[in-house]
1. Test of understanding: given chain B, find the longest segment containing no GluC sites (Glu not before Pro) that are in a DSSP loop and have at most 12 other Cβ atoms within 10 Å.
2. Specify whether the C-alpha gyration tensor of the stretch A:6-85 places it in the rounded, prolate or oblate class, a ≥ b ≥ c being the square roots of the eigenvalues: rounded for a/c under 1.5, otherwise prolate if a/b is larger than b/c and oblate if not.
3. What FRET efficiency, computed as 1/(1 + (r/R0)^6) with R0 = 30 Å and r the Cβ-Cβ distance, is obtained for B:V101 and B:R69, rounded to the nearest 0.05?
4. Compute the distance from the alpha-carbon center of the stretch B:332-368 to that of the stretch A:7-31, in whole Å.
5. If amide H atoms are built 1.01 Å from N in the plane of the peptide, which residues on other chains or at least 5 residues away come under 5 Å of the amide H of B:G50?
6. In degrees, nearest 10, range 0 to 90: what is the angle between the Cα axis of helix B:58-76 and the longest Cα principal axis of chain B?
7. If you take the square roots of the eigenvalues of the alpha-carbon gyration tensor of the protein assembly as shown and sort them as a ≥ b ≥ c, do you get rounded (a/c under 1.5), prolate (a/b over b/c) or oblate?
8. Using a 1.4 Å probe, how large is the accessible area of B:M220, given in Å² and rounded to the nearest 10?
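The values are calculated or read from the model by the stated rules, or taken from the named source; none is laboratory data. In this text, all values refer to a predicted model and were calculated from it rather than measured experimentally. Here Cβ is always computed from backbone atoms with ideal geometry, including for glycine, and neighbour counts include all displayed protein chains. Heads up: the accessible areas ignore ligands, DNA and RNA and are worked out on the full protein's heavy atoms, side chains in. Shrake-Rupley method; radii C 1.70, N 1.55, O 1.52, S 1.80 Å.
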Amino acid sequence: MDKRAIVCRCLDITVEDVEKAIEMGYTDFESLRRYLGIGFGPCQGRHCYPIVLRILAEKTGRKLEDLPAPRMRPPIIPIPAYILAAARGEGDGEEG
Amino acid sequence: MEKRAEVGIIGGGIIGLATAYELASRGFRDLVVLTASFPGDGSTFRCASGIRASFTTREHIVLMRESIRKWIEWTRGELGRLGLRFMQKGYLWLASTEERVRAYEESIRLQNKLGVPTRLVDPDEAKRIVPVLDTRHLVAALHDPTAGKASPFKTVHALVMYLKSHGIPIHTYTRAEKIEEREEGFRVETSRGTYFFEKLVVAAGAGSPRLLSQLGIETMIKNIPRHAILTEHYKPVIGPLVVDPDTPGAPYIIQTGHGGFYIGRKIPETPETEPYSLKIDYPSLAIKPLLKWFPWLINVTVLRHWMGHYVTTPDHHPIIGPVPGHRNLYVSTGYSGHGYMLSPAAAEIIADYILEGKPKWTEAYRLNIMRIWRGDYIHETAIVG
Ligand SMILES: Cc1cc2nc3c(=O)[nH]c(=O)nc-3n(C[C@H](O)[C@H](O)[C@H](O)COP(=O)(O)OP(=O)(O)OC[C@H]3O[C@@H](n4cnc5c(N)ncnc54)[C@H](O)[C@@H]3O)c2cc1C
Ligand code: FES
């Protein structure tokens, strides 16, 4: 793979960035993705997680199936605020 | 074979890591950090990363003031070179009523007396501090210029790298399951083998009350769910954390270093709820009250919603220090939503107890667990979200 190839299109993270982080000791996917900041883009990692998992498996000599699948957080697709603002109710927030 | 160390720290959130850092940076190396999953998991990676000294009790004001001094020191030193960065962008507390203004005036008097230069600003000045704020409904605001923010990801990264390069082991995916107190120390059974420590620090966030109850120690802590949402990244337009305590649930907004708007609001909750039981209407409840102050927020896109715990004591002040009747046991938890900001000072307090026998700040003594047992609570009113 070309070192400068982009693995995370939302945040411009390259193959080289991923490999460097793994060399620094980020061999646990949960820590690796937070350190790189991948998954914080609009696609929530749908594009980059599989690629990064593959690089991680290769670099650490593990099988892809042995790496845990990351948890996806809601909402599944980004929600524009104007839709949220149209929802009924002000909510009974608690006194801060 | 048992693994041994003089000091064992249970919990690899900001509190455990900062405590390990503080000990290591003073030359103490015989220690191990155990944590149930990866460093930062728990409340730390879910928090808003706000750091402030604008509180309403002497204990919080003085210790947060010292903590901010340390955040600045950390940024300028080796941790800063490893990427940690405290951005001193302030806090802006909005007031929509005269009554709120009077309450601010009172807390400003106490904060100023204790060396925190907060002040009341009029709507025009508030607008200079946050140009994108709609001040039509604003009566006045409390500005805390010493406050700020720091990315939890960068902070944890810097601490972990520092500990690694100084030979301090962090045993990840190692959950403490059973603690036994012995004459000469503590035997800790974990999901990955048994450990023996002469001194034990319990800094396990929401996991602390259960571990301590095994030693017969009652903390009166409740793990209260708190939610947050995050938007897509935009260019930096809001420097300070802005909070509106006059709206129920005190909604707040802070822009992260990446440019996302992190928004939170307190809603009625049941303690001990699992961190993955999300409320479907939360994103809407959180963002709506802020449209009054930032009408343009209507155009942003929300990417994420999650939940973490406020590990809350009856008086919203932490429990830091030794436990009477339990030799060489130290507790550092119950941060009630303010543990990230206090972590540098909290780490110093525990390191002082372990290495010097006592903390250097008199305010730290009051945070002993004895006050919880006696019901001798510290009264705090400035609680955000
Ligand atoms: C939505 C939200 C917003 C917040 N905003 C702010 C803010 O703006 N400013 C601020 O200062 N604070 C804020 N907080 C509070 C802050 O996140 C916490 O006070 C702080 O992170 C506490 O750190 P900790 O290390 O004590 O706990 P945690 O970060 O929870 O770390 C505890 C660690 O211990 C581990 N653990 C638990 N049980 C065991 C066990 N049995 N064995 C081994 N390991 C164990 C866990 O896996 C975890 O990694 C917020 C919290 C939430 C939820
Ligand atoms: S490609 Fe990485 S978050 Fe979208």
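1. Numbers: sites that count: B:E2, B:E183, B:E184, B:E218, B:E272.
Longest run free of exposed loop sites: B:3-182.
2. Numbers: a/c = 2.66, a/b = 1.93, b/c = 1.38.
Since a/c reaches 1.5 and a/b is larger than b/c, the shape of the stretch A:6-85 is classed as prolate.
3. The computed FRET efficiency comes out at 0.55.
4. Answer, in whole Å: 35.
5. Here nothing satisfies the definition.
6. Approximately 80 degrees, to the nearest ten.
7. Details: a/c = 1.69, a/b = 1.11, b/c = 1.52.
Oblate is the answer for the protein assembly as shown, as a/c is 1.5 or above yet b/c matches or exceeds a/b.
8. Near enough 90 Å² of accessible area.
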